[in-house]
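Please read the structure below before turning to the comments.
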Amino acid sequence: MHGNMRVGPHRLIWPLIAALVLLVGACTSTGSPGASQAPSVPASSGGAPSAAAGTKHVSIVNKDMTDADIKAAIAQEGGVVVGNWTYSANSVLIDQFQKYVKATYGVDVKLTYDGSQAPSEYLTKLAAAAKGGNPAPYDVMAVEENYWADGTSQGLPADFLPSDLIPNQKLVLDQLQHVPTAIAFQSTSFPGVVYNKAKAPFIKSLMDLANPALKGKLTLPAPGDITAGGFFLGLASELGKDYKDATQMKQVVDWAIANIGPNVAKYTSDQPTIQQLFESGATDAFSFWNSTARLEFLNGNTNATLLVPKTIYPANGYLWIPKNAPHPVLAQIFINWRLSPDVQFPNSWPINHGQWSELSEGFLGPDYVSKVPDWFAKDYFTFFPTLDQIKTQFKPIDWNAYNAAAKVWQDYYGSKIGQ
C-alpha cells in the first residue's frame, strides 16, 4: 500500500480469516543485516549466469564484478534515489541504510527517499524521462504491485533478477516475485476500512458504510490511486460486480455515491488528515490501508478496529529498478538490504512500536518467521496471517485488467465527487 503508515487490525483474529475470506489458491541491527549481504559472500545460486571465481555477476550491468569493483562502483555512484511512501520512520530508514553501506563497503553514500501518497506521479515522471531519452529520476521503485504492472505495460522496468548482489531473493516466496523485473517487500497489505468499535459496532461489511448512523462521520479515498482502487475492489465483490469491467465498476461507483456518499465528511487519501479526523472523534470510520488500524492500536487507540472484507485483494509493495537508472549497483544493494530479515523486522531500530508496524508487513518466506520480536510474539497472529495463510488465502488481482478498467471508472468517480 502506499500511505504514511500501513498497518493491520485492532483485534483481527487471523486464524479465523478462513471463514471470512474467499479461499483462493495462492496466489538486529541493520548495520549487519545478514551474512548474505556482505561483499565477501559467494555468488548466489539463484539462477544468475555463472560468474568467474572471486566475482559476482551483476545482471543489470551485465558484468562480473570483484568486491573491489563493487566498492568502486558504489563510490562512483555516491547515492541512490528511492520512490516510496511517506513512512513516519523515513529518517531512521535512511540513516540505517547509509550506516549499513558504510559498515559493509566502507563508503559514504546518500539515500534520497522520496515519499508520496500518490505513487502514480512516479510513473508519470519515469515515462517522461524515458520518452525524452533521459536518465530515470529514480533508481528504485518501492510501491504497490499495480504500478509495476502499469510500468511494465509502458516498458519502464529493467531486468535485474537474479543478481549476485541480491542473494536475499532466495528468501522470498516465488509467488511474491516477478522475475526478472520485480520482487515484493510486503506480503499482507491491502486497502481496508478502520472504524471505532465503540461508536460504530454495526460495521460488518463495506456496504454497512451506508448506515445513516455514520452521517458525516466517514472519510473515503480520493480518486486516482490504488487506495481508492482497493476500496472499490472490495465493494464490487460485495455487490457481485466484476472489477475487470469498467461499466460494472461505474455501477459500483454510483451505488457508493448514492448510498455511502451522504455519510462522507471528506474524500481524501492524506493520511495525517485521515488520522487527525479519526483521533479527534470527528469521524468514526475511514477507508485507508490495513496498516493504519495496527498503527492506531499500537499507539494506544484501543477502539481502532479493522474491517476484514469477505474478499481480500492484496496490493503489496514491490521493488523494481527503472530502465536507465543512474545508480544501478546501489539500487540492487538497497533492494537486497530491504529484503533482509533484519530490515523486514527492524527490531533493533530506534523506533516505537507503531513505526515498527509501518515497516513490517508480513512474512516474505519461511526465513522471516523467527524474527517476530518478543514484545509482539504473544499478539502477532492477532494482527497478521500465518505464512500458510499468506500462501493460500489472499485473492490475486489481474493487474492488467484492473489498470485498464480503472483508467475509466476512477475518472468517473472523480467527476461524481467534483475532484
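The values are calculated or read from the model by the stated rules, or taken from the named source; none is laboratory data. Worth saying up front: this structure is predicted, and the values here are computed from it rather than measured. Positions of Cβ are backbone-derived with ideal geometry, glycine not excepted, and every protein chain shown enters the neighbour counts. When the accessible area is computed, the model is the full protein with side chains, heavy atoms only, and any ligands, DNA or RNA have been set aside. Shrake-Rupley method; radii C 1.70, N 1.55, O 1.52, S 1.80 Å.
Restricting to the stretch 388-419, name every residue that is closer than 19 Å to P119 by Cβ and touching a Pro at 6+ places or on another chain (Cβ under 8 Å). Matches in the stretch 388-419: I397, Q410, D411, Y413, G414, Q419. Identify, from the list F97, F160, the residue that is under 19 Å from E358 (Cα atoms) and either open to solvent by 30 Å² or more (accessible area, probe 1.4 Å) or in contact with a helix residue (DSSP H, G or I) (Cβ under 7 Å, 6 or more places away or on another chain) (or both). Going through F97, F160 in turn, just one is under 19 Å from E358 (Cα atoms) and either open to solvent by 30 Å² or more (accessible area, probe 1.4 Å) or in contact with a helix residue (DSSP H, G or I) (Cβ under 7 Å, 6 or more places away or on another chain) (or both): F97.
For the stretch 327-350, the set of residues classified as open to solvent by 10 Å² or more (accessible area, probe 1.4 Å) and under 14 Å from M141 (Cβ atoms) consists of H327, P328, listed by residue number.
Helices (runs of 4 or more DSSP H) fully within the stretch 308-412 that include at least 2 residues being over 18 Å from F190 (Cβ atoms): 328-339, 341-344, 353-359. Screening the stretch 253-274 for residues that are modelled with pLDDT under 95 and touching a helix residue (DSSP H, G or I) at 6+ places or on another chain (Cβ under 8 Å) and picking the one that is least open to solvent (accessible area, probe 1.4 Å) gives Q271. Among the residues of the stretch 211-245, those that are among the small types (G, A, S) and either surrounded by fewer than 18 Cβ atoms within 10 Å (Cβ to Cβ) or more than 26 Å from G281 (Cβ to Cβ) (or both) comprise A213, G216, G224, G229, A236, S237, G240.
Does P191 meet the test of being modelled with pLDDT of 95 or more, out of contact with any Leu (no Cβ under 6 Å at 6 or more places or on another chain), within 27 Å of K407 (Cβ to Cβ) and buried (at least 23 other Cβ atoms within 10 Å of the Cβ)? No; evaluated as a whole, the condition is false for this residue. Name the single residue that is modelled with the lowest pLDDT among those in the stretch 75-106 being of a type in the set (S, T, N, Q) and part of a loop (DSSP other than H, G, I, E, B). For the stretch 75-106, the residue satisfying everything is T86.
So that you can scan it fast, the table gives a plain yes or no per residue for (1) surrounded by 19 or more Cβ atoms within 10 Å (Cβ to Cβ); (2) under 22 Å from the mean Cα position of the chain (by Cα); (3) under 30 Å from T227 (Cα atoms):
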{"site": "I60", "(1), (2), (3)": "yes, no, no"}
{"site": "A75", "(1), (2), (3)": "no, no, no"}
{"site": "V82", "(1), (2), (3)": "yes, yes, yes"}
{"site": "V92", "(1), (2), (3)": "no, yes, yes"}
{"site": "V109", "(1), (2), (3)": "yes, no, no"}
{"site": "L126", "(1), (2), (3)": "yes, yes, yes"}
{"site": "A129", "(1), (2), (3)": "no, no, yes"}
